[in-house]
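Student: This is the structure, below, for whatever I ask next.
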Amino acid sequence: MSSHGSPIPMTSQPCGPLTGEAHVPGDKSISHRSLILGAMAVGETRISGLLEGEDVLDTAKAMRAFGAEVIEHGGGEWSVHGVGVGGFAEPDNVIDCGNSGTGVRLIMGAMATCDISVTFTGDASLNKRPMARVTDPIALFGAQAVGRSGGRLPMTIVGAAAPVPVRYVVPMPSAQVKSAVLLAGLNVPGQTVVIEKEATRDHTERMLVGFGAEVSVEKTDEGRVITLTGQPELQPQTIVVPRDPSSAAFPVCAAIVTPGSDVLVPNIGLNPTRAGLFTTLREMGADLTYENEREEGGEPVADLRARFSPDLKGIEVDPARAASMIDEYPVLSVVAAFAQGDTVMKGVKELRVKESDRIDAMATGLRANGVTVDEGDDWWVVHGLGHGNVPGGATCASHLDHRIAMSFMILGMAAQTPVSVDDGGPIATSFPIFEPLMAELGADVARTDV
Ligand code: S3P
């Protein structure tokens, strides 16, 4: 079910070769940040290639509620007339962030140092997810939070009227938490320092610099030390949102496991904080190449070419790479089912607090489709059956999680029998064109009655 609709059961039939080009949508992380930073700048930010998925549309709606003018011009072109750092108005109503952890956590950070009170809510998935990871650091600035037990939404944040700068060591690898603290630091006099022990996606730091903020990053024994000078006047920008490597993962993995496939996925950002899956797939023996490698907007970009790879082997995924592929473990576990031998994934506790408990959701669904999976608190192992040997045939629960739904649709393309999900609606949060795009390549993914 999307955050607003009834469940949409879907089935993926075993299919012939996938071929052609897959033009995946804009990057979700960068799309949220473009709207939020645009709303905090003075003047008009122009955005092209914005991901028009439900998560990002909820953030656009929220920015309007805070007083920014957000206009859709069509064809992925948007503009935001920002209100300036510290200029957020108090919304008249509850802010509903739907399914989006990134949306709610970044917006909580951005409003935490404004003298306003805001109540946040979300869908059944978001309202189960932990928010203390954001309310703890924003309390140091002087903001107060009252939510449900366990620090869950719905929750009201009373922003700090006289915020003080903060030095914060992020206790878990989380770009959302890091970004929430940096966005809060924007409206604070003096320097806010955020330290992350493991590098996570660095879009916020890069984009803050683009918008004219003073940000320095230093690598020390403590980790990555990010220092932001508060109260800048952010300058509006023209932003071209790159295509999302996390969405590219689905056609890439589909091609790798489906016999005879040869798919080109053009213009994919290969920022090292996001590209861990592609390195891992190559280590497993996938036929995945980077074509036309180039730099765009200071980021490495390439066209990905993925071909059917009959001799995949299971590997132990380097845990140091976890943050750079954290959203890709569900679809990696599908590829692992078609590999020979075990794929071991360690240091991935964060997967348990995503849109769903992704280890549990994938392990349960893979087992129902004939694949053996072992799991512990922060690790799991998929015992690969090899190409052509995955039985399939089950209906899996998607748990309001887009990446779980899409991963099982990829499983069905190369299994012996069709694979279904109880609800493909959440796919619209991040990849609204998933069904036509996969159909164009030759997949048979259809809405069904269970
Ligand atoms: C995101 C950070 C990650 C990721 C999410 C997007 C971001 O979450 O899973 O899809 O845009 O900052 P965490 O910060 O919880 O790791």
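Student: With the requirement that a residue be away from the ligand (no atom under 16 Å from the Cβ), under 29 Å from VAL257 (Cα atoms) and outside any loop (DSSP other than H, G, I, E, B), what does the stretch 1-52 give you?
Tutor: Across the stretch 1-52, the qualifying residues are MET10, THR11, SER12, GLN13, THR19, GLY20, GLU21.
Student: Please enumerate the residues belonging to the stretch 207-231 that are surrounded by fewer than 19 Cβ atoms within 10 Å (Cβ to Cβ) and either part of a loop (DSSP other than H, G, I, E, B) or within 13 Å of the ligand (Cβ to nearest atom) (or both).
Tutor: GLY212, GLU214, ASP221, GLU222, GLN231
Student: From the residues in the stretch 115-127 that are touching a residue at least 40 places away in the same chain (Cβ under 8 Å) and not aliphatic (A, V, I, L, M), which one is nearest to ALA65 (Cα to Cα)?
Tutor: Ranking the qualifying residues of the stretch 115-127, first place goes to SER117.
Student: Looking at GLY20, GLY43, which one is open to solvent by 10 Å² or more (accessible area, probe 1.4 Å), touching a residue at least 12 places away in the same chain (Cβ under 8 Å) and within 18 Å of ILE410 (Cα to Cα)?
Tutor: Working: GLY43 fails: within 18 Å of ILE410 (Cα to Cα).
None of the others qualify; the one that does is GLY20.
Student: Looking at the stretch 128-144 only, could you name the residues that are touching a residue at least 24 places away in the same chain (Cβ under 8 Å) and hydrophobic (A, V, I, L, M, F, W, C)? Working first, answer last.
Tutor: At the first step, the residues of the stretch 128-144 found to be touching a residue at least 24 places away in the same chain (Cβ under 8 Å) are 128-131, 133-135, 137-138, 140-143.
Matches in the stretch 128-144: MET131, VAL134, ILE138, LEU140, PHE141, ALA143.
Student: Sort out which residues of the stretch 53-66 are within 16 Å of the ligand (Cβ to nearest atom) and farther than 22 Å from GLY212 by Cβ, and write them in order of number.
Tutor: Listed by number, the residues that qualify are GLY53, GLU54, ASP55, VAL56, LEU57, ASP58, ALA60, ALA62.
Student: Continuing with this model, one more query. In the stretch 317-329, how many are open to solvent by less than 10 Å² (accessible area, probe 1.4 Å) and either touching a helix residue (DSSP H, G or I) at 6+ places or on another chain (Cβ under 7 Å) or away from the ligand (no atom under 15 Å from the Cβ) (or both)?
Tutor: Going residue by residue through the stretch 317-329, those that are open to solvent by less than 10 Å² (accessible area, probe 1.4 Å) are 317, 322, 325, 328-329.
Within this subset, residues satisfying the condition of being either touching a helix residue (DSSP H, G or I) at 6+ places or on another chain (Cβ under 7 Å) or away from the ligand (no atom under 15 Å from the Cβ) (or both) are 317, 325, 328-329.
The qualifying residues number 4.
Student: Pairs, please: C-beta under 7 Å, at least 6 apart or cross-chain, first residue farther than 11 Å from LYS178 by Cβ and in the stretch 192-209, second among the charged types (D, E, K, R) and open to solvent by less than 30 Å² (accessible area, probe 1.4 Å)?
Tutor: MET207/ARG33
Student: Could you say which residue among ALA112, ALA89 is of a type in the set (A, V, I, L, M, F, W, C) and either in contact with a helix residue (DSSP H, G or I) (Cβ under 6 Å, 6 or more places away or on another chain) or touching a residue at least 40 places away in the same chain (Cβ under 8 Å) (or both)? Break it down into steps so the answer makes sense when it comes.
Tutor: Details: ALA89 fails: either in contact with a helix residue (DSSP H, G or I) (Cβ under 6 Å, 6 or more places away or on another chain) or touching a residue at least 40 places away in the same chain (Cβ under 8 Å) (or both).
Only one candidate passes the filter, namely ALA112.
Student: Looking only at the stretch 140-190, count every residue that is away from the ligand (no atom under 16 Å from the Cβ), open to solvent by less than 60 Å² (accessible area, probe 1.4 Å), polar (S, T, N, Q) and assigned to a helix (DSSP H, G or I) and tell me the total.
Tutor: Within the stretch 140-190, residues that are away from the ligand (no atom under 16 Å from the Cβ), open to solvent by less than 60 Å² (accessible area, probe 1.4 Å), polar (S, T, N, Q) and assigned to a helix (DSSP H, G or I) number 0.
Student: Also, I was wondering about something else. For the structure I just gave you, tell me whether ILE116 is buried (at least 19 other Cβ atoms within 10 Å of the Cβ) and either away from the ligand (no atom under 14 Å from the Cβ) or farther than 30 Å from HIS399 by Cβ (or both). Break it down into steps so the answer makes sense when it comes.
Tutor: Numbers: buried (at least 19 other Cβ atoms within 10 Å of the Cβ): no; either away from the ligand (no atom under 14 Å from the Cβ) or farther than 30 Å from HIS399 by Cβ (or both): yes.
So ILE116 fails the test.
Student: Out of LEU312, LEU304, LEU332, I need the residue that is within 16 Å of the ligand (Cβ to nearest atom), surrounded by 21 or more Cβ atoms within 10 Å (Cβ to Cβ) and within 23 Å of THR19 (Cα to Cα). Which one? So that I can check it myself, show each step before the final result.
Tutor: Values: LEU312 fails: within 16 Å of the ligand (Cβ to nearest atom); LEU304 fails: within 16 Å of the ligand (Cβ to nearest atom).
Sole residue among the options that is within 16 Å of the ligand (Cβ to nearest atom), surrounded by 21 or more Cβ atoms within 10 Å (Cβ to Cβ) and within 23 Å of THR19 (Cα to Cα): LEU332.
Student: Now, a different point. Exactly one of (1) part of a loop (DSSP other than H, G, I, E, B); (2) among the small types (Gly, Ala, Ser); (3) within 14 Å of the ligand (Cβ to nearest atom) is unmet by GLY87. Its number?
Tutor: With respect to (1) part of a loop (DSSP other than H, G, I, E, B); (2) among the small types (Gly, Ala, Ser); (3) within 14 Å of the ligand (Cβ to nearest atom), GLY87 is out only on (3).
The values are calculated or read from the model by the stated rules, or taken from the named source; none is laboratory data. For clarity, every value in this text was computed on a predicted model and none was experimentally measured. Note that we place each Cβ from the backbone using ideal geometry, even for glycine, and neighbour counts take in every protein chain shown. Areas reflect the complete protein model, heavy atoms only, side chains present, ligands, DNA and RNA absent. Shrake-Rupley method; radii C 1.70, N 1.55, O 1.52, S 1.80 Å.
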